[in-house]
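Only one structure is covered here, and it is reproduced in the block below.
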Amino acid sequence: MIRTLIADDEPLITAGIRTVLESAGDIEVVAVAGDGREAVRAAHRHRVDVALLDIAMPVLDGLAAAAELTGPRVVLLTAFGDEDNVRRAVRQGVAGFVLKTCTPDELIRAVRAAHAGHAYLSPAVARQVLDLAAPGAGERGRDAADRLAALTAREADVLALVAQGLSNAEVARRVHMTEASVKTYVSRILAKLNCANRVQAALLLRDAQSPG
């Protein structure tokens with residue numbers, strides 16, 4: 001079972017999310033919280049695997065709470081148009097983002113992906129992050145290019161598809177490989193680039209390609 005915490009200052013939303021997650025069968029909601037400080041305490045007390053945090057919470061917001069959580073994988077709930085917070089959290093290494101308007105199936109996929117050690121972004125959030133990422137001018141762009149130079153041609157091809165937001169299965173079809181092989185390639189790419197997740201790797205690629 002995936003031990004999960006839900007943190008949101010609106011009880012009705014918390015109840016709805018809990019119903020959705022517990023319908024999955026492999027997810028157990030072991031704690032709920034109404035603000036970020038309470039979420040941090042509850043996450044440590046209940047030893048949760050995944051913390052699902054609303055970004056806009058009193059006392060301590062979701063981003064600040066995520067920065068204090070070292071054990072659980074963090075998935076942030078965000079509203080459309082909250083690009084600045086999303087970009088900040090991606091660079092911070094948060095495991096996933098889902099819009100508050102997402103479907104129940106997407107919410108469950110996000111929690112499962114985070115628990116498995118993968119990054120998950122709602123497609124709309126991924127487009128916001130990649131389209132609005134700050135240009136990789138100057139030193140950051142050069143650093144990104146230097147790091148990407150360590151990749152083989154095949155790894156670079158895989159990263160380019162990952163940066164488009166494609167899943168491992170979709171990448172596998174494009175490059176005529178098995179999904180397991182793509183997963184191995186992605187893990188190797190992240191290790192070479194010293195990136196916490198595929199979203200950070202995609203942003204690194206965007207930095208290297210942006211004019212500076």
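Quick rundown of the values:
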item: Angle between the chain longest axis and helix 83-92 axis [Cα atoms, degrees, rounded to 10]; result: 80 degrees
item: Segment 3-119 - percent relative contact order, Cα under 8 Å, separation 6 or more; result: 23 percent
item: The chain: calculated mean residue ellipticity at 222 nm from DSSP helix runs of at least 4, using -39500 (n - 2.57); result: -16500 deg cm²/dmol
item: Using a Förster distance of 45 Å, the FRET efficiency for GLU179-VAL59 (Cβ separation, nearest 0.05); result: 0.60
item: Centre separation in Å (Cα based) which lies between segment 141-212 and segment 12-40; result: 33 Å
item: Surface per residue (accessible, 1.4 Å probe) for the chain, Å²; result: 48 Å²
item: Reported label for calculated log10 I(q)/I(0) by the Debye sum over Cα atoms at q = 0.07, 0.09 Å⁻¹ given [x] -0.27, -0.43; [y] -0.22, -0.36; [z] -0.32, -0.51; result: [y]
item: Net lengthening on full extension, ARG18/ALA150 (0.36 nm per residue, minus Cα-Cα); result: 43.2 nm
item: Highest-first arrangement of 70-79, 104-113, where packing means the average Cβ count within 10 Å; result: 70-79, 104-113
item: Shape call, segment 1-81: gyration tensor on alpha carbons, a/c limit 1.5; result: oblate
item: Full-stretch length increase - ALA169, ASP26 - with 0.36 nm per residue and alpha-carbon distance subtracted; result: 49.2 nm
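The values are calculated or read from the model by the stated rules, or taken from the named source; none is laboratory data. Computed from a predicted model, the values in this text were never measured in an experiment. Cβ: placed from backbone, ideal geometry, glycine included. Neighbour counts: every protein chain shown. Just so you know, the surface numbers come from the protein's heavy atoms only, side chains and all, with ligands and any DNA or RNA stripped out. Shrake-Rupley method; radii C 1.70, N 1.55, O 1.52, S 1.80 Å.
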